[in-house]
Amino acid sequence: MTAADEPSTIEFRRSRRRQVALLAAGLPTAVLVVAVVNLATGDPWWDGLWIPGWILALGLLRGAARPSSTGHQPRLPLRLTPDHLEVTGPGERTLVIGWSNVARAEITGRLYPVLVVEPADPDRTVPPLARWEWAVAGQSRPYEIRVPLVYLSPGRDRLRRELSHRLPGPAAGSRPTP
């Protein structure tokens, strides 16, 4: 492998532009739904159109604020380096997992995508987390790390490609969504 072939450091972050674009694309759909419901019930089509506007305004205000976290759930930024994977963990500290220590890394969900990472040996993470710090709502295994990927930039497809390059074999990939 030459230096040009070696993977570089890639950082994945939340994109405000993607969030605003998604909300702006949803507004015409919401207006259409309200208009159709109004016509079906015999009301003027424009009655109640202020509701989608308020929903968009609240969504934009929420997006302008810092994304909140639930409990100790790891959040973006997510960084892939040639040697390890870094994620922001409990207490706003960076959790580092070497590629040789990743037992499983997969992207699940379509509407609410989540990266699920499971270290082979939880004591080899840097810093090692105490047993109680691993407990996060929604886990299906005791030591998995769940990273929400909503509004991810540069995108889920890029993350999938990078994981498949860095984790050959069954550790990387995407689980089919139902």
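Computed from the coordinates by the stated procedures, all read-outs in this text should not be read as laboratory data. This is a predicted model, so every value here is computed, not measured. Every residue, glycine as well, gets a Cβ built from its backbone with ideal geometry; the counts of neighbours run over all protein chains shown.
Values as computed for the structure displayed
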quantity	calculated
Förster-model FRET efficiency, 30 Å R0, R158 and V126, C-beta, rounded to 0.05	0.75
Amide proton proximity set for A103, modelled H, under 5 Å, gap of 5+	E118, A120
Gain in span if fully extended, T108 to W46, counting 0.36 nm per residue against the direct Cα distance	18.4 nm
Using a Förster distance of 22 Å, the FRET efficiency for E92-H165 (Cβ separation, nearest 0.05)	0.15
